[in-house]
Amino acid sequence: MVKIKFYGVGDWRSLASKVEDIWPPWAPRPSFEEVDELYCEEEAPQVVVSEEPVELGNCLYLWSRPDPRSIVLKALQLEYSRRREEASRRTLVTGKPALRPLEFPSADGGCLAPVGCDLCVRACPAGALRIDGGRPAVDGPRCANCGLCISACPGGHMGHTTANWRAWANVANFLRENPGEVSISCGEEADLKVPCIGALGPEELALLASASPLKLHCPDEKCPNRPAAEAALKIAEGLAAAAGGSFSGGVLALPRIDFTASGSKRRDYAELAFRMGLKGPASFNPHAYRVVVDPQRCTLCEVCARKCPTRALTIGREGGEVIKLFFNPANCVNCGLCVRLCREGAIKISEERELGWLRPRAEELDRDEVVRCRRCGAPVDNKKRLLKVARTLGASLEDLAYCPSCRQEATASLLLKALSGRAVGRDK
Ligand code: SF4
Ligand code: SF4
Ligand code: SF4
């Protein structure tokens, strides 16, 4: 249960009823209460949102204009489940409720660092991230909280309490129902407070701006994170050009599209890019990756498809006679595992600059015919793989075209033939 407590707001009842009116049906249902004690040291007006009993020191306070839309937006920024998990874990260990929200970005359980991804580490300008024990670890004192690691993760696995893909998805879904300009900055007065506007990459900006105009604001020109903020503004400019929108005075407005975010960053962005008709060579990083397979080298051994952690590579069969390798750009996060696993060196990954490429559709990369057993007709393997084995053994394709049980008979038959000089068996 999320509690929204109104403290020091004159007409809190009418405000509470307005918040209730526009609370999205899919978000955790809040209870609206009046605060009758002083919980925080800060002065009113404030809105407190928490799952835990609110006590002095553990409240999360959210400054807000007494504007119901702004209150809902701020509440939706919270990642309820993670906060609850964090609170209950700490409560179990220490017997005390969580004292404060997470301060630095951290990776969730879907992070692909265990298979070799380190895109967030490479994006960190402060050198504050490293992969430790198969997980990105943040060195708190070095972290500038610029959020660049968040926008750099193509899978949306890096997040911050107020800047993570699930929070953005909730906010975008809400904005589609309640449109109106939304201010985003690191300042307390913003409708959506982020660690830095650098936490907004092409995916986040496309998702939010296709729901409502965004006012991006960096309040401090001397901030050490300024380059990250400027990068976000450049992305906004490029996105406006690619989508036929506008970006002026810090306001990004894209054509509104009807879209409900699912919460999966890759799939949401691919679907958005497709529906928005993003076109042209990107002037910004579109996080679109293209896997190319060399059919001369690929033996369709299926290893890449079996191991791809996001199911960007898959195997399909056609009537039991043809085997195909498919690639879906909406799922690929450029982890590089397929390249490392392919023993034939057949896979290459490139970053695709042509935006029309990014679409939630699988394309065929390679195909091969299925070889059937010469005796019983059962499928044995695909032709390219059998040919490779045949070359290695100095045998012919026909020699290997047997299913395991028929092969025993065929081998015995060949042996007898060699020994006795006469053919036996069914395939005489
Ligand atoms: S970029 Fe994302 S998936 Fe890759 S290591 Fe960082 S958090 Fe994990
Ligand atoms: S928020 Fe910025 S400084 Fe901190 S770990 Fe991420 S990229 Fe590095
Ligand atoms: S296709 Fe390759 S690079 Fe893309 S997600 Fe799958 S294993 Fe990683």
For this session: Per residue of segment 323-333, in order, report the coupling 6.51 cos²θ - 1.76 cosθ + 1.60 (Karplus, θ = phi - 60°) as ³J(HN,Hα) in whole Hz, putting x for Gly and Pro.
Result: 10, 10, 10, 10, 10, 10, x, 5, 9, 6, 10
Problem set entry | Rounded FRET efficiency, nearest 0.05, which uses the C-beta distance separating I257 from I315 and R0 of 41 Å | 0.80
Problem set entry | Label point at V303 placed 7 Å out along Cα→Cβ; residues across segment 328-351 whose backbone nitrogen lies under 18 Å | 335-349
Exercise. Over segment 205-251, with a single point scatterer placed on each C-alpha, what log10 of the ratio I(q)/I(0) does the Debye formula yield at q = 0.15, 0.27, 0.31 1/Å?
Worked result: -0.38, -1.02, -1.22
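How do the peptides 240-247, 364-371, 200-207, 386-393 rank, highest first, by the average count of neighbouring beta carbon atoms within 10 Å per residue? Don't skip to the answer; put the middle values down first.
On the way: 240-247: 19.0, 364-371: 17.4, 200-207: 27.2, 386-393: 13.8.
Going by the mean number of other Cβ atoms within 10 Å, highest first, we get 200-207, 240-247, 364-371, 386-393.
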Problem set entry | Antiparallel DSSP beta bridges within segment 103-286, percent to nearest 5 | 70
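First measure r as the distance between the Cβ atoms of D294 and S14, then evaluate 1/(1 + (r/R0)^6) with R0 = 45 Å and state the FRET efficiency to the nearest 0.05.
0.10
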Problem set entry | Spin-label proximity, A418 to segment 350-384 - amide N less than 20 Å from point 7 Å beyond Cα toward beta carbon | none
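Given a Förster radius of 22 Å and the C-beta distance between S405 and R343 as r, what FRET efficiency does 1/(1 + (r/R0)^6) yield to the nearest 0.05? Mind dumping the intermediate values first?
On the way: r = 28 Å, r/R0 = 1.27.
E(calc), rounded to 0.05, equals 0.20.
Taken together, the values in this text are just the output of simple stated rules run on the coordinates, not laboratory data. Here the structure is a predicted model, which is why all the values come from computation and not from measurement. A quick note on method: Cβ atoms are made from the backbone with ideal geometry, for glycine too, and the neighbour counts reach across all protein chains shown.
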